[in-house]
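Working notes, structure below.
Values quoted throughout were computed directly from the atomic coordinates according to the rules given, and no laboratory measurement underlies them. The model shown is predicted, which means the values in this text are computed figures rather than measured ones. Note that each Cβ is placed from the backbone with ideal geometry, even for glycine, and that neighbours are counted across all protein chains shown.
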């Protein structure tokens, strides 16, 4: 049974002049104008490529929920095809939540920060929630539940890394970060999940859809 999964990160929640901070489960920021444009770009790219997902799953935070609603409405999908799933909520970044990268480094966590950014190693003693084991379990459960055909999942950067970890070829990626508005493709051949594309803008991502 073959499955095609398109993964997308929500768009920007900071304006160009803003100082970005770490936003997780406790920071329910809206999309800024650029983020709304990125949501419409995703929808337009899907439409142009004639990709019609069987279902859209999204996390409950407004940055992912609104992105999903824009895509669903643009593709004229019935409301029943859009489902909000709490398992796709971004990680609660504990003591890092709401802090800038510079502030986290000033806390003495530069090595942990670099390990997360380059190797996706969850920092210890930063009080991230849920546990790494719980997130991994949730993602594996979601992958098992995905039906045959094409599905679209819209979530956040932290959670997307755990989808990559579930793929058989994850070690081929230099890092697992996904930029705002970018997307990924994973496929299931009946035995294992594999990454076909990672961290691409929507127009380029659609060219990687298996035919």
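Could you work out how far the C-alpha centroid of segment 142-211 sits from that of segment 58-93, in angstrom?
Between the Cα centres of segment 142-211 and segment 58-93 lies a distance of 17 Å.
Over the alpha-carbon set of segment 87-139, work out the extent along each principal axis and list the three values in angstrom, largest first.
33, 21, 16
In a GNM of the chain with a 10 Å cut-off on Cα contacts, which of 200, 36, 173 has the highest mean-square fluctuation?
In the Gaussian network model the winner is 173.
Would you list 186, 141 from fewest to most Cβ contacts within 10 Å? Walk me through the numbers before you get to the answer.
Values: 186 24, 141 10.
Arranged by neighbour count, lowest to highest, 186, 141 become 141, 186.
So how do 51, 6 line up by other beta-carbon neighbours within 10 Å, fewest first?
Result, fewest neighbours first: 51, 6.
Can you tell me the 0 to 90 degree angle between the C-alpha axis of helix 62-74 and the longest principal axis of the chain, rounded to 10?
Helix 62-74 and the main axis of the chain meet at about 20 degrees.
What percentages make up the Cα-Cα pair-distance distribution of segment 63-211 when the bins are 5 Å wide from 0?
Going out from 0 Å in 5 Å bins, segment 63-211 shows 2, 8, 16, 20, 21, 16, 9, 5, 2, 0 percent.
GNM on the chain, C-alpha springs below 10 Å: top fluctuator among 201, 79, 180?
79
Could you state the per residue volume, in Å³, of the convex hull enclosing the Cα atoms of segment 1-141?
Here the figure is 134 Å³ per residue.
Tell me what the chain gives for mean residue ellipticity at 222 nm when only DSSP H runs of n ≥ 4 count, each as -39,500 (n - 2.57), the sum divided by the residue total, rounded to 500 deg cm²/dmol.
-10500 deg cm²/dmol
How do the peptides 150-159, 90-99, 110-119, 61-70 rank, highest first, by the average count of neighbouring beta carbon atoms within 10 Å per residue?
Per-residue mean Cβ counts within 10 Å order the peptides as 150-159, 61-70, 90-99, 110-119.
For each of 206, 107, count neighbouring Cβ atoms within 10 Å of the residue's Cβ, then give the residues from fewest to most.
Values: 206 21, 107 14.
Lowest to highest Cβ neighbour count: 107, 206.
Under 10 Å, Cα contacts only: if you run a Gaussian network model on the chain, which one of 41, 88, 160 comes out with the highest mean-square fluctuation?
Of 41, 88, 160, the most mobile in the Gaussian network model is 41.
Take every Cα pair under 8 Å in the chain that's 6+ residues apart, average their separations, divide by the length, and report that relative contact order as a whole percent.
This gives 32 percent for the chain.
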